[in-house]
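Below: one structure, written as structure tokens.
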Amino acid sequence: MKNATLTTLTPVHIGSGEELKSKIEYLYDGQKIAVIDEKKVLEIIGKENIDHWVSIIQNNESESLLDYLYSCKNDFTIADVAKRIIEIPDEEDKSRHLSLKEQLHNGKSLPMIPGSSIKGAIRTALLTRLIIEQNNIHSTDLKNKKGKWTSQIIEKKLLGDTRSDPLRFLRISDAHFTPETLALNMKIMNFQRNGWEFKRGGNQLTEMIWGEDTATVKIGFQNELTKANQERGYISGDFPWLNDLPVLCDEINKHTSWLIDKELTFWKEQQYEHAAIDQYISFMEDIQKQLNEIEADKEMILRLGHGSGWNFITGGWTKYLENILNDHEYDELFDFLGKKDALMFPKTRKMDSIGELLGFIKISFG
């Protein structure tokens, strides 16, 4: 495995699965957010006042924990009870939010991107490349014996089963970042009757890793095991990127560029009047520019995590199937996905009020 530098090109959110409750699990003082450390709260209010603290939680409309802490300590700041502080870069009022989607942290409270998340994004990109390049894909490769749509059959056909899957030998370590995180008010840009607008009630305060933060990761194939399984015939497919990181980088970059091209083409065909969309497109164009300027055999850019969008999370290969499936099958697939309009899909995008992108990372090898 080789050492590599992972750089977040935009903010990244990998969720812990928890939503912290406002005024109970985190406090907001108008400038920053403090995730509450219960032990520090007790040190200020005293154990004898635990019942009052519980009462505040149960009846938080009548008195806030923040006000109570100010009354207990003259020079109180939210840092006094913070497990960690979360920055809020924009000036929009966050006091109206009821919860905060928490960023995943390790045992040392460092925000992290798991190696499994990175590997999953790489796997999706490589599978998509294989689907696009193959000429022997049929609708039967997308349905099980019961006629239910599934990706497992096409994955098995192109990458093999558990024993023959070449990506089982790709190892990626977790990426741990600096302790500081930020919170953005993520919104849903939705196509409605009046055109593209932010969806009402779709806002979610979300903690994430800063853009332009870096971490060290280890990545690479287990060469000896890979070679041994090839010699035994367990891995029989032709995978140029196997044990070849420069080729892997090139494949990932082609996939990311392809998806960005599709996204930019989509917006060129839309009519809208919204500054956030203009900025969103500008961010996309900047990532495409970076793709054109990187060392293609030593660096890869991919997208992962919350807010990445349906096409990037899935690889977008189902849209390619319109060249493979007949009209009835294509409509049936999108009906299975719960989508009413295959021509306008996806018709939502996650972004903040200024069109901020999420999830783009760059991995650079020395």
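The values are calculated or read from the model by the stated rules, or taken from the named source; none is laboratory data. None of the values given here were measured: they were computed from a predicted structure. Cβ atoms come from the backbone with ideal geometry, glycine included; neighbour counts cover every protein chain shown. Note: accessible area is taken over every heavy atom of the protein model, side chains too, but ligands, DNA and RNA are not part of it. Shrake-Rupley method; radii C 1.70, N 1.55, O 1.52, S 1.80 Å.
Test Ile153 against the criterion of being surrounded by fewer than 17 Cβ atoms within 10 Å (Cβ to Cβ), at pLDDT 85 or above and under 29 Å from Ser236 (Cβ atoms), and give yes or no.
So Ile153 passes the test.
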Could you give me the residue pairs with C-beta distances under 7 Å whose first residue belongs to the range 187-208 and is among the hydroxyl-bearing types (Ser, Thr, Tyr), whose second residue is open to solvent by 20 Å² or more (accessible area, probe 1.4 Å) wherever it lies, and which are 6+ apart or on separate chains?
Thr206/Lys101; Thr206/His306
In the range 237-256, which residues are surrounded by 18 or more Cβ atoms within 10 Å (Cβ to Cβ), acidic (Asp, Glu) and not in a helix (DSSP H, G or I)?
none
Every residue from the range 155-182 that is free of Cβ contacts under 8 Å to residues at least 24 places away in the same chain and within 24 Å of the chain's Cα centre (by Cα):
Arg168
Scan the range 257-300 for residues that are acidic (Asp, Glu) and crowded, with 16+ Cβ neighbours inside 10 Å and report the count.
2
If I ask for residues that are of a type outside the set (Val, Ile, Thr) and open to solvent by less than 60 Å² (accessible area, probe 1.4 Å), which ones from the range 33-62 would you list?
Ala34, Asp37, Leu42, Gly46, Asn49, Trp53, Ser55, Asn60
Any residue in the range 29-54 that is under 15 Å from Val81 (Cα atoms) and among the β-branched types (Val, Ile, Thr) sitting within a Cβ distance under 8 Å of a residue that is in a helix (DSSP H, G or I) and open to solvent by 60 Å² or more (accessible area, probe 1.4 Å)? List the pairs, counting only those 6 or more apart or interchain.
Ile45/His52
In the range 224-236, residue nearest to Arg171 (Cα to Cα) [restricted to those that are part of a helix (DSSP H, G or I), open to solvent by 10 Å² or more (accessible area, probe 1.4 Å) and touching a residue at least 24 places away in the same chain (Cβ under 8 Å)]:
Leu225
Those helices (runs of 4 or more DSSP H) lying entirely in the range 268-321 with at least 2 residues of a type in the set (Asp, Glu) and touching a residue at least 12 places away in the same chain (Cβ under 8 Å):
275-293
Asp335 passes all but one of the listed conditions (1) at pLDDT 80 or above; (2) surrounded by fewer than 16 Cβ atoms within 10 Å (Cβ to Cβ); the exception is number (1)
Collect the residues in the range 178-207 that are open to solvent by 80 Å² or more (accessible area, probe 1.4 Å) and within 25 Å of Leu6 (Cβ to Cβ), keeping them in residue-number order.
Glu180
Could you please find all residues in the range 73-87 being loosely packed, with under 13 Cβ neighbours inside 10 Å and either farther than 27 Å from His13 by Cβ or in contact with a helix residue (DSSP H, G or I) (Cβ under 7 Å, 6 or more places away or on another chain) (or both)?
Asn74, Asp75
For the range 76-94, check the following and say yes or no: at least one residue is modelled with pLDDT of 95 or more and of a type in the set (Gly, Ala, Ser).
yes
Being of a type outside the set (Asp, Glu) and under 15 Å from Leu127 (Cα atoms) narrows Asn253, Asn243 down to just Asn253
The one condition in (1) more than 14 Å from Thr206 (Cα to Cα); (2) at pLDDT below 95; (3) among the hydrophobic types (A, V, I, L, M, F, W, C) that Leu98 fails to fulfil
(1)
With the first residue restricted to the range 124-139 and required to be closer than 15 Å to Asn253 by Cα, and the second required to be among the hydroxyl-bearing types (Ser, Thr, Tyr) and surrounded by 19 or more Cβ atoms within 10 Å (Cβ to Cβ), Cβ contacts under 9 Å at 6 or more apart or on different chains are Ala125/Thr256
Within the range 141-152, can one find any residue that is hydroxyl-bearing (Ser, Thr, Tyr), over 30 Å from Gly30 (Cβ atoms) and assigned to a helix (DSSP H, G or I)?
no
